[in-house]
Amino acid sequence: MNIVARPIAAALLATFTALSAAACAPGGDDGAHATSALEARGDTLQTELDRIVETTQKELGVPGVRADVIVGDRLRYTARAGLGDFVAKTPIGEHDHVRIGSVTKTFTVTTLLRMADAGVVSLDDHVSRWVPGVPNGEAITLRMLANMTSGLGSYTFSPTFQKPFFADPQRAWQPWDLVAIGAGETRAGCPSTKGAGCFAPGTGFFYSNTNTVVLALALEAAGKRPYADLVRDYVFVPYGLHETSIPKGTELPKPFVRGVSTQGRDDGAPPYEATFSSPSWAFGVGDVVSTPADLARWARALGTGERLSAKAKAERFTKLTMPPNTPERAYAMGIGYENGFWGHTGELPGYNTSIQYRPDIDAVVVVTTNRDAIEVPGKDKPVDPATVAAQKIVSALNREYPLPK
């Protein structure tokens, strides 16, 4: 049976490698030849992108897959397969709304950094200042919440959460209910993850959704406004993300992509429509809705540190060093890094999303699907369709544009 809580590795970035900077821009008198070569190579990439998206959609049984690859302001490739709306029989469109899951964390943490730049909060503020009753709250800072080093267990692993979640997907959860479950998990020594996640604040890394719920509540307390209003005013509006929002209830803005899932069902059970499952269980964690167009715009803004002070940028892109993080693959502040790309993946019942950006060549990769983790025979863990497609896309890019040594 699938569960909403994913292993640590799934929370980090999918395997992404890069394009070569030299391949992206013609120069000198050879500009026309370079442009022609780029166009020819682009045709090859488009063909490969089409094949990857179609294969992923068919082999994994995903209703719909969409991939967008953008390099600078000259090269753009898009591929679609299957249906985004299996009622209207339409593919995933550029302006169709999807639930982006944990990509939401990039918005929550950007709100934190922007509020810190404005002097409303400090990354060194202790959680106890803003959110009472959190275990070790007097030692945990907002920074630790943002980079997953707080030592708080994740509520999503707990049976206390999972049983009612699967019993009633329409349930309206309150943020404090989620914090209480996470706090109970922490005080008990993180039994649902066999102790993983419980450590002294700042001494380890564990991808816990409790962190981001507490962070969103802290921002509300400091900003004296609802979390959704803060994210809108600090991120959505100034970054020009007009198709990105945190809807109330279970409805989605139109047009929207319909998603399917098997989470909570026995192995082998057919997928059910999860489009209108309540996202309230993912307050600050996974409740944002966006479109492929806005996600492409956001991937670039996120990966460049746009609108952040130099100090905030340094905080955002400081890679963690404690295991399982490595120089090649690490989490930072509400963002992950792998092989030159910065970004995040996200999953909610019915949806799987990946956004990535490589600054040195101005390359964006966005993959959206309307199916979350899939049980595949022979695999010991569920497979994320957006991640599968992204990995294949990157392999194709590497063949065309080898990484500089």
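Every read-out reported here was derived from the displayed coordinates using simple, explicitly stated rules and does not represent laboratory data. This is a predicted model, so every value here is computed, not measured. Positions of Cβ are generated from backbone atoms using ideal geometry, with glycine treated the same way; all protein chains shown enter the neighbour counts.
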| note | Note to self, the chain gives a 222 nm [θ] from helices alone (DSSP H runs n ≥ 4, -39500 (n - 2.57) apiece, / all residues, nearest 500) of -10000 deg cm²/dmol
| query | Residues in segment 118-138 near a label at ARG225, defined as backbone nitrogen under 19 Å from the 7 Å Cα→Cβ point? | reply | 118-122
| So, in Å, what gap is there between the alpha-carbon centers of segment 153-203 and segment 294-334? | 26 Å
| task | Using 0.36 nm per residue of separation minus the Cα-Cα distance, give me the extension gain between SER122 and GLU251 in nm, one decimal. | result | 43.0 nm
| Stretch GLU59-HIS242 to full length: gain in nm at 0.36 nm per residue minus the Cα-Cα span? | 62.5 nm
| said: Between THR44 and GLU138, how high is the FRET efficiency from 1/(1 + (r/R0)^6) when r is the Cβ-Cβ distance and R₀ = 51 Å? Nearest 0.05. | reply: 0.35
| field | Sites VAL376 and THR321 - FRET efficiency at Förster radius 35 Å, r taken between beta-carbons, to 0.05 | value | 0.60
| Using the per-residue mean of other Cβ atoms lying within 10 Å as a proxy for protection, in what order, highest first, do the peptides 130-140, 81-91 fall? | 130-140, 81-91
| said: Shape verdict for segment 44-99, please, from the Cα gyration tensor: rounded (a/c under 1.5), prolate (a/b greater than b/c) or oblate. | reply: oblate
| query | Taking the mean number of other Cβ atoms within 10 Å as a proxy for protection, how do you rank 115-122, 280-287 from highest to lowest? | reply | 280-287, 115-122
| field | Burial ranking of peptide ranges 338-346, 268-276 (average Cβ count within 10 Å, highest at the top) | value | 338-346, 268-276
| How many nm is it between the label spots at ALA88 and THR304, if each spot is 7 Å from the Cα in line with the beta carbon? | 3.1 nm
